[in-house]
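Following: one structure in structure tokens, then a few remarks.
Nothing in this text is a laboratory measurement; each read-out follows from the coordinates by a stated rule. Fair warning: this is a prediction, and the values are worked out from it, not measured in the lab. Note that we place each Cβ from the backbone using ideal geometry, even for glycine, and neighbour counts take in every protein chain shown.
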Amino acid sequence: MARYRGPAVKQSRREGVALTDKAQKYLDRRSYPPGEHGRARIRQSEYLVQLREKQKTRRFYGVLEKQFRRYYKKASRQPGITGENLLRILELRLDNVVYRLGFAATRRQARQFVVHGHFQVNGRRVNIPSYQVRADDVVSVKANSAVEPLIRDATERQAAVSAWLQADHDALNAKILRAPERDDITTPVNEQLIVELYSK
């Protein structure tokens, strides 16, 4: 199972946005991209703007290039707006849903919890982070999970849950009410730039 294992702060500096909560304090100190030529002025071409938006989106959701391209092809075949379909597919990944429910402090932590088999979907253990949940699915923490204290700690820091989800933090289970609409997705990305990039 491929995933990026390097420093998230370096990726945050590259994209100019905090991909994690911890990265914000480093961005405040060094707001320029990493590397020897990070402070150099770069001509912002149309292609570069589109590429950076695609990379930022990939890194927010922890998806590698090949899988992201597959998601785009799947989104383009679905009825509706391709960019919104793409974001909907990314939001319905199990690791992202666990994060959105407040059962993990970060998407990286959510991915690890899922891979280690701490979550069930409709009563069956699922350890695939890219598993696509659907409306009316019930996501729950496995009974006697070793990471339950960490999950409860994460739920205490969660202010609110998205409107398309219904969470019971005391029982550590949740229900997917519906697929998210564009207004429900708070990730700061411009999906139209990604569509333009892949349409070339």
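Here are the numbers for the structure shown:
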| quantity | calculated |
| --- | --- |
| Gyration tensor verdict on the chain (Cα atoms; rounded if a/c is under 1.5, prolate if a/b is larger than b/c, oblate otherwise) | oblate |
| Gyration tensor (alpha-carbon) shape descriptor, the range 93-178, a/c threshold 1.5 | rounded |
| Mean Cβ neighbour count within 10 Å, used as a protection proxy, ranking 95-102, 11-18, 140-147, 156-163 highest first | 95-102, 11-18, 140-147, 156-163 |
| Cα centre as origin, Lys/Arg/Asp/Glu Cβ charges: the chain dipole, Debye | 1060 debye |
| Listed residues Gln44, Gln109, Val139: farthest to the positive end of the dipole of the chain (Cβ charges) | Gln44 |
| Virtual spin-label span in nm between Ser76 and Val49, 7 Å along Cα→Cβ | 2.2 nm |
| Distance between the range 46-70 and the range 131-196 - C-alpha centres, whole angstrom | 22 Å |
| Proximal lysines relative to Lys22, as straight alpha-carbon distance under 21 Å, when same-chain residues fewer than 8 apart are discounted | Lys10, Lys56 |
| Under 15 Å, Cβ to Cβ, from Ala146 - net charge with Lys/Arg +1 and Asp/Glu -1 | +1 |
| Within straight-line cross-link reach of Lys74, lysines at Cα separation under 18 Å, skipping those fewer than 8 residues along the same chain | Lys54, Lys66, Lys200 |
| Size of charge dipole - the range 93-178 - debye, nearest 20, with Cβ of Lys, Arg +1 and Asp, Glu -1, no other charges | 340 debye |
| Dipole moment magnitude, nearest 20 debye, the range 17-99 about Cα centre, only Lys, Arg, Asp, Glu C-beta charged | 240 debye |
| Span per principal axis, largest first, for the Cα atoms of the range 132-197 (Å) | 47, 24, 20 |
